[in-house]
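Laboratory data are not the source of any read-out in this text; all were calculated from the coordinates shown. Computed from a predicted structure; not experimentally measured. Methodologically, a virtual Cβ is constructed for each residue, glycine included, from the backbone with ideal geometry; neighbour enumeration extends over all protein chains shown.
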Amino acid sequence: MSIAFASAQSRYTSVAIILHWVIAALIIGQIAGGLLMVNLGESQSALKFELFQWHKSFGITILVLTFIRIAWRLTHRPPALPQGLKSYERALARLTHVGFYVLLVSAPVAGWALVSASPFAASVQTYLFGFIHLPHLPFFEGLENRREVAGQIAEVHKLIAFVMIGLLVLHIGAALKHHFLDRDGVLLRMAPFLARRKSIQS
Amino acid sequence: MLRIALTAAALCLAPMILGCSDALAAEPAAVWRVDQAKSTLGFSGTQTGKSFDGVFKRFEAEIRFEPANLEGSSIDVTVDTASAVTGDRQRDSALPGADWFASKTFPEARFVANRITKASDGSFLAEGDLTIRDVKRPLALPFTVEINGNDAIASGEVSLMRSDFGVGRGEFETGQWVGLDVRVTISIAAERQ
């Protein structure tokens with residue numbers, strides 16, 4: 001497929017759209033669940049433990065989906081950015097998108113490392129959704145000062161999460177600006193329901 | 001029989017440190033063979049407030065028991081600590097680990113009771129020592145026995161603190177995630193030999 005032809009497409013492919021929204025929903029759930037679970041006290045140990053298990057399950061799901069998404073992205077060129085963007089706007093859009101991919105990979109990997117280095121690691125094996133065994137990362141096997149190392153990795157994981165929140169605000173803000181102020185249809189390229197409604201109306 | 005008694009008596013003329021007094025004290029009671037398929041050695045505890053039940057799938061018991069000869073009765077149970085199952089993958093993979101039974105280092109737990117007494121309500125009390133993770137603690141196990149001919153069923157339960165035996169290390173030393181109280185239940189079917 002020629003680049004010119006691909007670039008002329010006005011919308012992302014269905015697979016890209018589905019991956020985008022599924023991962024978006026999971027990320028928002030992970031941020032909400034993550035913030036909730038770390039703030040639960042001792043009296044809510046049961047819920048806390050459950051939430052950690054779900055957080056790990058969805059985190060690895062995001063990691064897998066992100067690899068699929070990157071593979072898809074590399075083999076399916078997305079629609080071109082709208083005409084008339086300033087060069088810094090193009091750079092910012094690219095940076096945001098690349099940044100998301102970096103975060104989508106690094107957040108679950110940091111979480112996985114955190115689980116593997118944790119003082120709980122020896123007694124709490126990860127079973128994704130209660131079924132699929134996810135081994136701990138081998139690098140942390142003989143670790144002695146687990147609390148300290150896990151604490152540091154937790155800080156990294158948290159930092160990634162907060163950068164993600166910042167990027168989400170930027171990304172959503174930009175999408176809404178394009179839609180309501182610039183009215184250039186950028187949001188519609190990724191919004192299947194809006195696009196369909198628009199096509200029905202027109 | 002007389003000869004055995006005489007031999008025992010003769011041996012006991014040797015220094016008392018040989019510990020012959022027990023041998024003279026009572027004839028050993030009848031031996032019972034445990035029917036593994038009909039017997040369970042169970043335990044229950046709590047994890048984050050929710051209770052769970054488990055069993056040790058492998059254990060061996062040497063039981064000598066006669067209600068009429070309690071002095072000659074004794075119980076010696078050896079439990080394979082790696083055989084604990086609770087029906088939860090995550091928990092079951094943890095139990096043989098270093099934080100819990102440390103089954104590689106301590107493959108066996110053992111309960112030895114040489115003093116069995118009868119209570120006024122007809123039940124029995126087996127007093128002895130329970131050893132887990134090489135930590136030996138006195139334990140008294142109350143139990144009831146139903147004997148029908150050569151078959152018997154013994155049931156009992158006892159509570160213990162896992163922390164007394166160092167079971168639950170690191171993050172699990174306190175009861176925050178897993179309760180310290182553990183209830184051990186036995187239901188043993190055995191046949192007189």
- Item | Odd one out for A:Asp182 among (1) surrounded by 14 or more Cβ atoms within 10 Å (Cβ to Cβ); (2) in contact with a helix residue (DSSP H, G or I) (Cβ under 6 Å, 6 or more places away or on another chain) | (2)
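Condition check ((1) closer than 29 Å to B:Leu95 by Cβ; (2) assigned to a loop (DSSP other than H, G, I, E, B); (3) more than 14 Å from chain B (Cβ to nearest Cβ); (4) of a type in the set (Lys, Arg)) across all residues:
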site	(1), (2), (3), (4)
A:Ile62	no, no, yes, no
A:Pro82	no, yes, yes, no
A:Leu95	no, no, yes, no
A:Gly99	no, no, yes, no
A:Gly111	yes, no, yes, no
- Message: Would you confirm whether or not segment A:113-127 contains a residue that is surrounded by 15 or more Cβ atoms within 10 Å (Cβ to Cβ), touching a His at 6+ places or on another chain (Cβ under 8 Å) and part of a loop (DSSP other than H, G, I, E, B)?
- Response: yes
- Task: Scan segment A:115-143 residue by residue and report those that are within 23 Å of A:Arg69 (Cβ to Cβ) and either more than 14 Å from every other protein chain (Cβ to nearest Cβ) or of a type outside the set (A, V, I, L, M, F, W, C) (or both).
- Result: A:Thr126, A:Leu137
- Can you work out which of the residues in segment B:71-94 that are within 14 Å of chain A (Cβ to nearest Cβ) and in contact (Cβ under 8 Å) with a residue 40 or more places away in the chain is farthest from B:Gly156 (Cα to Cα)? B:Arg91
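A quick yes/no check of all residues on (1) out of contact with any helix residue (DSSP H, G or I) (no Cβ under 6 Å at 6 or more places or on another chain); (2) within 20 Å of A:Ala25 (Cα to Cα):
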{"site": "A:Ser57", "(1), (2)": "yes, yes"}
{"site": "A:Leu65", "(1), (2)": "no, yes"}
{"site": "A:Ile68", "(1), (2)": "yes, yes"}
{"site": "A:Arg73", "(1), (2)": "yes, yes"}
{"site": "A:Ser87", "(1), (2)": "yes, no"}
{"site": "A:Arg90", "(1), (2)": "yes, no"}
{"site": "A:Leu103", "(1), (2)": "no, yes"}
- Message: Against the definition (of a type in the set (S, T, N, Q), in a strand (DSSP E or B) and out of contact with any His (no Cβ under 8 Å at 6 or more places or on another chain)), how does B:Ser155 come out, yes or no?
- Response: yes
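Within segment B:67-95, which residues are under 30 Å from B:Lys118 (Cβ atoms) and assigned to a strand (DSSP E or B)?
The first filter runs over segment B:67-95 and keeps only residues under 30 Å from B:Lys118 (Cβ atoms), leaving B:67-79.
Once the filter is applied, which keeps residues that are under 30 Å from B:Lys118 (Cβ atoms) and assigned to a strand (DSSP E or B), segment B:67-95 yields B:Ser74, B:Ile75, B:Asp76, B:Val77, B:Thr78, B:Val79.
State whether one or more residues within segment A:36-48 are assigned to a helix (DSSP H, G or I), closer than 30 Å to B:Gly97 by Cβ, within 14 Å of another protein chain (Cβ to nearest Cβ) and within 18 Å of the chain's Cα centre (by Cα). Steps first, answer last, please.
The first filter runs over segment A:36-48 and keeps only residues assigned to a helix (DSSP H, G or I), leaving A:36-38, A:42-48.
Cutting the leftovers down to closer than 30 Å to B:Gly97 by Cβ gives us A:36-38, A:42-48.
Next, only the ones that are within 14 Å of another protein chain (Cβ to nearest Cβ) stay: A:37, A:42-48.
Still in the list and also within 18 Å of the chain's Cα centre (by Cα): none.
No - not one qualifying residue is present in segment A:36-48.
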